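The values are calculated or read from the model by the stated rules, or taken from the named source; none is laboratory data. What you see is a predicted model; the values in this text were computed from it and never measured. Cβ sites come from the backbone with ideal geometry, for glycine too, and all protein chains shown count toward neighbours. Surface areas here come from the heavy atoms of the whole protein model, side chains and all, with no ligands, DNA or RNA. Shrake-Rupley method; radii C 1.70, N 1.55, O 1.52, S 1.80 Å.
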Amino acid sequence: MSLLLKIRFKALFAGIKKSIGAKSAAMLALFGVLMGIAALSIMVILFSLWFLFGMYLESDYPWLYFAMAGILAFALGIFGTVFTTQSQMYEAKDNELLLAMPLKPSQIIGSRVLMLYLLTFLFSAIIMLPAAAVYCILRGPSITFILIFLIVMGLISMVTQTVTCLLGWVLHFLLAKFKYKALLASLFMAIVMLLYFVGIGNLDNLTVVLTQSGGKIANAVQSFAWPFYALGRACTGDILQFALFALFSFGVFGLVMWILTKTFIKAMLVGGKTKSATKQKRDRKIRTPEASLCRKESKRFFSSTAYLVNTGLGLFMMMALIIAGIIFRGKIMELLRSQDLLEGLESFIPAIIVGIMAFITFMAPISAPSVSLEGNHLWILRSMPISGAKVLRGKLRFHCIAMVPAAFIGTIVLCLVYGCPILDTLLAAVCSGLLHVLCGVLGLVFNMCFPRMDWPTEAAPCKQSGAVVCIMFAMMFVSFLVFGGGLVGTGVMGPEKSALVLGIMAAVLALITYLFYLLLMKWGGKKFEAL
Amino acid sequence: MLKIEGYTKRYGEKVAVNNLNLHIAPGEIYGFIGHNGAGKTTTLKACSGLLQFTEGTITVNGKSIQKEPLACKKEMAYIPDNPDLYDFLTGYDYLNFVADVYEVSKEDRNKRIDEYGELLGITDALALPISEYSHGMKQKVAIISALVHAPKLILMDEPFVGLDPLASHQLKQLMAKHCAEGGAIFFSTHVLEVAEKLCHKVAIIKGGNLIASGTMEEVKGNSSLENVFLELEEKTE
């Protein structure tokens, strides 16, 4: 197993080295700055949260402070690694190769779980280290506390990894026979995201509940979530609970590893043979090269769980938001009016809707990993009589077909439901559509800056690539500009000039999109041909 | 049809192929032989426009692969040694995709897919996703995709690997037919018996250097190709 681990670490470091080596200093600096901003934002949010929960330390149940940290770390770990676990455990390219060697399944699983454990530990650290830092600020640091806390952090990561492995195992067996597994997985993620946004939307109420109902929460955790109670007690110096929590962590970990080891070969053999495939009608419709490229992209998008889940959530979220916007029209209007923030509220609505559509773009960076996803298949396109620019146009076309009509129609529907004037409605729809075209163009530009062709699983270019990170940050920035620009512009120029503001916005977006499109076709096309 | 003149490929300090000169005429099956890492795949990839190079010229029907890559690619097809096809498509989807890109008419693609599919014994499996194919089945689909647009020149890297005996036999027939109709084939192989029986001309490469080339008779004389190959390998060590 030590050899397998050595290989995995070697692959990890080689990947990092290659990724760094392939980037120019400017690109690395840009990537570093974006990562720095993200880390700083997360730290500010988490420190604020732990100072707020610091009140538990003064109550009769100080352990609840650490129990909350454990629950959040557990939730983030599960959310962040369940699909990665499933794909790395059961869809890794070298599984068959390793099984053909004189290696025990436990050794293969052990080496994979350890690498995944490091990722889960990182997620736990993101949540728990600020909690420990705030505790030390409020109560003063001690060697004993730091030591116990670090061990507890390792143990909760182990519990999280155990549950993630179990979920990944169940998911693998469930999805193996299911034809539309990518859609099912995306739907699951969309529901989780919706719950997350509902939680964020009700953060004020949630905070009040969490801070005022400490006693009830403490009782509930103690009665129904004992491991977190034990974790909290361990951090506050209860050695017995510490020992019990450690025993529990190792116990469930061992049990789950035993189950995974015993079923690993069976899990490798469950296949999704398409029984009725021979009856499938032969589709011999003639298409233009670009239309055929676009169709190929759509087939890839809808058949890959990693691709659909990581870049297609925006599509589901958009549908959900449009439906919610229609159903809760009355409540939303009441809320906006009650805030008394905007004079001539109706004139601001198209800009607000465009802003919402803009925020969805960074949840739908479909084009951003599309070049990287060619991976080992790159030879097919490169050996064909088709220019790099044409290939990129095919990828952009699919991104636009997937996102632009939905954004355009969604904006029109919402504007009409909220009683916006026709001209404003049309201009807002054009802005929404252009934002998604810009997202598609920029995604491809970033992918040509950060191509990642030698990935072990499709999840890597879809969620751990420079292109996806950059497009998400870029579209977040654009969204803030569009949202703020729309509101400020309408406010400054007056509600009667709202159409003019939207027109200017559309013109600026069209110009920026066109300039990046030219860059993509000239520089990007050449770069693709040299990949 | 295919002219390679002074082709040199370097990877940093290492010279993968050194000053290679070859001419493959219409109607010829040209075998390319050498041990692993000799530079066969590097040469085939450069000919197909997959690999960029700075020294030498490669032309297809008088057009330079460096200056007019798309015009060259229209006239040829390439089959790699390990055909990684789009596993999210079915065999039919993949062949249609290739036919669309090469703008093959409906009649021609239907006729060719049916004909080659039957010949290689893969028609029944073409409706299945490629993810369910074996290596040999992928190889068969790659061969059909290479033939679907009726190219003049076919570049093949170890085309017989993974094929069953019947498909292997059919492929040899297809190659002979293609050349009889005026096409040309440049392919690499480790199976010297196949090269000896099939090729009009042969080139032997070692460490990036061409050590022998010419018609099969010129290269092997009265001996077998295997003996000549082994002798040449020893001589140049």
Completion exercise
Subset of region B:126-137, residues assigned to a helix (DSSP H, G or I) and more than 8 Å from every other protein chain (Cβ to nearest Cβ), comes to B:130, B:131, B:135, B:136, B:137
Problem - Residue tally, condition surrounded by fewer than 24 Cβ atoms within 10 Å (Cβ to Cβ), under 16 Å from the mean Cα position of the chain (by Cα) and more than 8 Å from chain A (Cβ to nearest Cβ), over region B:66-86 - result: 4
Practice task
Please state which of the following conditions residue B:195 fails to meet, knowing it meets all the rest: (1) open to solvent by 10 Å² or more (accessible area, probe 1.4 Å); (2) within 15 Å of the chain's Cα centre (by Cα); (3) not hydroxyl-bearing (Ser, Thr, Tyr).
Solution key: (1)
Fill in the blank from the handout: Across region B:138-147, the tally of residues that are in contact (Cβ under 8 Å) with a residue 60 or more places away in the chain and within 12 Å of chain A (Cβ to nearest Cβ) stands at 3
Exercise for the section: Only residues that are surrounded by fewer than 22 Cβ atoms within 10 Å (Cβ to Cβ) and more than 17 Å from residue A:41 (Cα to Cα): list them for region A:123-139, please. Expected result: A:132, A:136, A:137, A:138, A:139
Problem - Some residue of region B:160-175 being open to solvent by less than 30 Å² (accessible area, probe 1.4 Å) and part of a strand (DSSP E or B) - result: no
Practice task
Kindly check whether there is at least one residue in region B:105-117 that is in contact (Cβ under 8 Å) with a residue 60 or more places away in the chain, under 25 Å from residue B:197 (Cβ atoms) and outside any loop (DSSP other than H, G, I, E, B).
Solution key: no
Handout entry: Candidate set: region A:283-312, residues that are part of a helix (DSSP H, G or I), out of contact with any Gly (no Cβ under 9 Å at 6 or more places or on another chain) and open to solvent by less than 40 Å² (accessible area, probe 1.4 Å); chosen: the one nearest to the other protein chains (Cβ to nearest Cβ)
Key = A:300
Exercise for the section: Identify the single condition in (1) over 30 Å from residue B:73 (Cα atoms); (2) away from chain B (no Cβ under 14 Å) that residue A:401 does not satisfy, given that it satisfies every other one. Expected result: (1)
Handout entry: Evaluation of residue B:8 against (1) more than 14 Å from every other protein chain (Cβ to nearest Cβ); (2) among the hydroxyl-bearing types (Ser, Thr, Tyr); (3) open to solvent by 60 Å² or more (accessible area, probe 1.4 Å) (one fails), failing number
Key = (3)
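Picking from A:357, A:363, which residue would you name as being away from chain B (no Cβ under 14 Å) and in a helix (DSSP H, G or I)? First the steps, then the outcome.
Working: A:363 fails: in a helix (DSSP H, G or I).
Only one candidate passes the filter, namely A:357.
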Problem - helices (runs of 4 or more DSSP H) wholly inside region A:445-531 that include at least 3 residues being of a type in the set (Val, Ile, Thr) - result: A:466-493, A:498-519
Problem - Members of region A:214-256 found to be open to solvent by 30 Å² or more (accessible area, probe 1.4 Å) and outside any helix (DSSP H, G or I), listed by number - result: A:236, A:237, A:238
Practice task
Could you please let me know if residue A:451 is open to solvent by 40 Å² or more (accessible area, probe 1.4 Å) and of a type outside the set (A, V, I, L, M)?
Solution key: yes
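Mind checking which residues of region A:477-494 are open to solvent by 90 Å² or more (accessible area, probe 1.4 Å) and among the aromatic types (Phe, Trp, Tyr)? Write out each step before concluding.
Going residue by residue through region A:477-494, those that are open to solvent by 90 Å² or more (accessible area, probe 1.4 Å) are A:477, A:480-481, A:488, A:492.
A:477, A:480, listed by residue number.
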Practice task
Have a look at B:62, B:34, B:91, B:117 and point out the one that is open to solvent by 30 Å² or more (accessible area, probe 1.4 Å), more than 9 Å from every other protein chain (Cβ to nearest Cβ) and small (Gly, Ala, Ser).
Solution key: B:62
Practice task
Could you tell me whether any residue of region B:224-232 is at pLDDT 90 or above and within 24 Å of residue B:1 (Cβ to Cβ)?
Solution key: no
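Which residues, taken from region B:224-237, are open to solvent by 40 Å² or more (accessible area, probe 1.4 Å) and touching an Asp or Glu at 6+ places or on another chain (Cβ under 8 Å)? Give the derivation first.
Quick first cut of region B:224-237, residues open to solvent by 40 Å² or more (accessible area, probe 1.4 Å) only: B:226-227, B:230-231, B:234-237.
Correct list: B:226 only.
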Practice task
Tell me which residues, restricted to region B:47-59, are open to solvent by less than 60 Å² (accessible area, probe 1.4 Å) and either among the aromatic types (Phe, Trp, Tyr) or within 11 Å of chain A (Cβ to nearest Cβ) (or both).
Solution key: B:47, B:48, B:49, B:50, B:51, B:53
Practice task
Take region B:176-190 and flag every residue that is open to solvent by 50 Å² or more (accessible area, probe 1.4 Å) and not in a helix (DSSP H, G or I).
Solution key: B:181, B:190
Exercise for the section: Sort through A:345, A:321, A:315 and tell me the only one that's assigned by TED's automatic domain parsing to the domain that holds residue A:519 and open to solvent by 40 Å² or more (accessible area, probe 1.4 Å). Expected result: A:321
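Quick one: would you say residue A:389 is of a type outside the set (Lys, Arg), open to solvent by 10 Å² or more (accessible area, probe 1.4 Å), within 14 Å of another protein chain (Cβ to nearest Cβ) and over 22 Å from residue A:464 (Cα atoms)? Explain how you work it out, then say what you get.
Values: of a type outside the set (Lys, Arg): yes; open to solvent by 10 Å² or more (accessible area, probe 1.4 Å): yes; within 14 Å of another protein chain (Cβ to nearest Cβ): yes; over 22 Å from residue A:464 (Cα atoms): yes.
Yes; evaluated as a whole, the condition is true for this residue.
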Completion exercise
Scanning region B:12-30 for residues that are within 18 Å of residue B:208 (Cβ to Cβ) and in contact with a helix residue (DSSP H, G or I) (Cβ under 9 Å, 6 or more places away or on another chain) gives B:16, B:17, B:20, B:22
Completion exercise
Going through region A:495-527 in order, the residues found to be within 13 Å of residue A:390 (Cα to Cα) and buried (at least 20 other Cβ atoms within 10 Å of the Cβ) are A:517, A:520, A:524
